[in-house]
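These notes concern the structure reproduced below.
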Amino acid sequence: MLLCLLTYRLRKTLPVSLAPPQVKWSAKKVKDKSNNLVILDKPTYDRLFKEVPTYKLISQSVLVDRLKLNGSLARIAIRELEAQGLIKAISRHHAQVIYTRATGDDKPAKATEASE
């Protein structure tokens, strides 16, 4: 604030050629508005159940980036994938839940316990 005031006063008292340059404020860059889906269409639905269970890291933000889904739709899709057993939770936090693909390691262990 003080610097701006000093440069203003100097500019008024000095000739134009000797005055310090005017302070230039940079313009903020505008981000392009994303056009994400709010309802699953058939190709995206098929892609969701085919590709997402193969991802190593699955989160709401990953689905938004890769499938161009709305955030709330991504949360619903993740819950559906977990209910079907295609993915499993790694970390649960109220802000972000992180999932990974469900491997076949857990299923044989349960089957051997049941047979004994």
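The values are calculated or read from the model by the stated rules, or taken from the named source; none is laboratory data. These numbers were taken from a predicted model, which means no experiment stands behind them. Glycine gets a Cβ as well: all are built from the backbone with ideal geometry, and neighbour counts include every protein chain shown.
If you go through segment 35-47 one residue at a time, do you hit one that is modelled with pLDDT under 95, part of a loop (DSSP other than H, G, I, E, B) and touching a Lys or Arg at 6+ places or on another chain (Cβ under 9 Å)? Yes, some residue in segment 35-47 is modelled with pLDDT under 95, part of a loop (DSSP other than H, G, I, E, B) and touching a Lys or Arg at 6+ places or on another chain (Cβ under 9 Å).
Could you tell me how many of the residues in segment 68-103 are hydrophobic (A, V, I, L, M, F, W, C), without any contact (Cβ under 8 Å) to a residue 24 or more places away in the chain, closer than 16 Å to Tyr55 by Cβ and in a helix (DSSP H, G or I)?
Count: 2.
Scan segment 50-67 for residues that are in a helix (DSSP H, G or I), over 12 Å from the mean Cα position of the chain (by Cα) and surrounded by fewer than 14 Cβ atoms within 10 Å (Cβ to Cβ) and the total you get is 3.
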